[in-house]
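I have placed the structure first, in the form of structure tokens, so that the comments after it can refer back to it.
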Amino acid sequence: MTVEVEQQAIVTATFSRRMTVQLVQNGSAGARIKGKRLRPVCGDRVIVRPIPNEADWLITEVLSRNNELTRPDSRGQVEVLAANLTLLCVVVSETPEPDWFIVDRYLCAAELMRVAAAVVFNKSDIIRTRAARQVELAAFGKIGYPTLFCSAATGENLDELQRLLTGQTAIIVGQSGVGKSSLINCLIGDAGQKIADLSEASGEGKHTTVNSVMLALPVGGTVIDSPGVRDYAPAASTPADVLFGFREIARSGQFCKFANCQHLREPSCAVQAAVSAGDIDARRYESYRRLMNLSRRLAEKRGTAQQRAGAVRRDR
Ligand SMILES: Nc1nc2c(ncn2[C@@H]2O[C@H](COP(=O)(O)OP(=O)(O)OP(=O)(O)O)[C@@H](O)[C@H]2O)c(=O)[nH]1
Ligand SMILES: [Mg+2]
Ligand SMILES: [Zn+2]
């Protein structure tokens with residue numbers, strides 16, 4: 001007779017329907033998912049039970065999440081990328097050229113998740129004009145996000161990065177090729193996260209990391225290495241969400257004439273005044289306007305999809 005012993009585990013890697021989990025008592029193991037309904041992601045707390053005569057465990061339940069990092073899938077529906085985070089760390093670098101709009105959108109997602117966020121500029125060893133990069137990064141420091149320059153190649157400021165991540169459940173996100181896996185390998189020693197070959201490094205749009213993987217930091221805490229992106233937007237965000245996602249705009253917006261001001265073209269708008277005065281970064285404001293537009297388009301797309309689904313049901 002086999003005794004079924006359920007226990008709790010954390011999902012540390014996902015490969016379509018195959019998972020790696022960290023068992024509370026038994027270390028790391030492979031796992032399958034019971035049924036088709038459950039969709040565990042990296043960082044999920046799950047209930048698992050042994051499968052008789054197999055090395056794999058069976059995930060029978062996903063416990064409720066503290067938060068979810070999401071993005072819209074191709075149909076405008078919500079896709080969950082990772083769960084139960086405490087820190088979102090956005091990495092940019094000298095090459096590929098930083099896309100600061102992507103950074104803003106990740107920071108917006110962090111605000112919506114109520115998790116802390118930081119902006120890390122990697123490859124400091126090959127920066128051409130440091131002063132210009134410092135100005136770009138300072139826009140985030142000014143509104144309260146920790147920022148730092150570092151280099152996986154020379155080791156500059158890796159102790160700072162380690163301090164930032166200690167004790168957290170952090171996810172490292174950003175464009176492909178900025179050095180996310182390289183930084184993690186520096187912090188974890190033999191993490192063995194595959195990084196792009198030097199010969200391949202100049203090619204844009206390479207995606208060396210293809211699955212999110214959670215790794216334990218020697219100093220305590222965990223870090224999730226995630227696949228690089230070409231673009232990113234938080235899923236299902238309404239105009240109110242977008243506003244909440246830009247902390248300095250939300251703060252300044254309390255002083256607008258109209259309580260429902262969206263800070264786009266309204267009169268007596270404190271945000272537009274603050275942008276003109278240089279108190280709010282003009283590029284961040286442009287980013288806010290773009291994400292407002294995008295959220296409207298996504299809402300329309302979702303609406304159309306729902307209407308279609310409704311029409312099908314009525315036809316039956
Ligand atoms: N000069 C320099 N090169 C670096 C540094 N960090 C990483 N690289 C190089 O940048 C390239 C990309 O590094 P990866 O660590 O694979 O980048 P990634 O962000 O994990 O990329 P994806 O997995 O595709 O998202 C590799 O050739 C690294 O050797 C750095 O600090 N300085
Ligand atoms: Mg990588
Ligand atoms: Zn306003």
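The values are calculated or read from the model by the stated rules, or taken from the named source; none is laboratory data. Given the structure is predicted, the values throughout are model-derived calculations rather than measurements. Note: areas computed on protein heavy atoms with side chains; ligands, DNA, RNA excluded. Shrake-Rupley method; radii C 1.70, N 1.55, O 1.52, S 1.80 Å.
Counting helices only, and only those DSSP H runs with n ≥ 4, report the 222 nm mean residue ellipticity of the chain as the sum of -39,500 (n - 2.57) divided by its residues, in deg cm²/dmol to the nearest 500. Each step should come with its number before you reach the end.
Working: 8 runs with 97 residues, N = 316.
Roughly -9500 deg cm²/dmol at 222 nm, from the helical runs in the chain.
So how do Lys123, Lys36 rank on accessible area, 1.4 Å probe, biggest first, that is with the largest at the start?
On the way: Lys123 45, Lys36 175 Å².
Ranked list, largest accessible area first: Lys36, Lys123.
Sort His207, His263 by heavy-atom solvent-accessible area, probe 1.4 angstrom, most to least. Could you put the intermediate results ahead of the total?
Details: His207 70, His263 5 Å².
Correct descending sequence by accessible area is His207, His263.
Can you tell me how much longer the chain between Lys257 and Asp56 gets when fully stretched, taken as 0.36 nm per residue apart minus their C-alpha distance, in nm with one decimal? Walk me through the intermediate numbers first.
Values: separation 201, 0.36 × 201 = 72.36 nm, distance 6.04 nm.
Full extension of this stretch gives 66.3 nm more.
Taking the full set of protein chains and a 1.4 angstrom probe, give the accessible area of Cys256 in square angstrom, rounded to the nearest 10.
The value for Cys256 is about 20 Å².
For the chain, how many pairs of lysine residues have a Cα-Cα distance under 20 Å, where the two are 8 or more positions apart or belong to different chains? Provide the component values of the computation, followed by the final result.
On the way: Lys123/Lys180; Lys123/Lys194; Lys123/Lys206; Lys180/Lys194; Lys180/Lys206; Lys194/Lys206.
Step by step, the pairs that qualify in the chain add up to 6.
Could you state the principal axis extents of the C-alpha atoms in the chain, from the largest down, to the nearest angstrom?
Each principal axis gives a Cα extent; for the chain these are 75, 63, 34 Å.
Rounded to the nearest 5, what % of DSSP beta bridges with both residues in region 68-225 are antiparallel? Please report the intermediate quantities before stating the final value.
Numbers: 9 of 28 bridges.
Once the DSSP bridges in region 68-225 are tallied, antiparallel ones form about 30 percent.
Which distance in Å, rounded to a whole number, links the C-alpha centroids of region 72-109 and region 40-57?
Value for the Cα centre distance between the two parts: 28 Å.
So what is the accessible area of the chain per residue, in Å², with the probe set to 1.4 Å?
51
For region 7-62, build the convex hull from the C-alpha positions and give me its volume per residue in Å³.
In region 7-62, the Cα convex hull volume per residue is 68 Å³.
Where q = 0.22, 0.26 Å⁻¹, what log10 of I(q)/I(0) comes from the Debye formula for region 239-315, counting one point per Cα?
Summing over Cα pairs of region 239-315 leads to -0.93, -1.19.
Taking each pair of distinct Cα atoms in region 51-192 once, what is the resulting Kirkwood hydrodynamic radius in Å? Mind showing how you got there, number by number?
On the way: mean 1/r = 0.0602 Å⁻¹.
About 16.6 Å, per the Kirkwood formula over Cα pairs.
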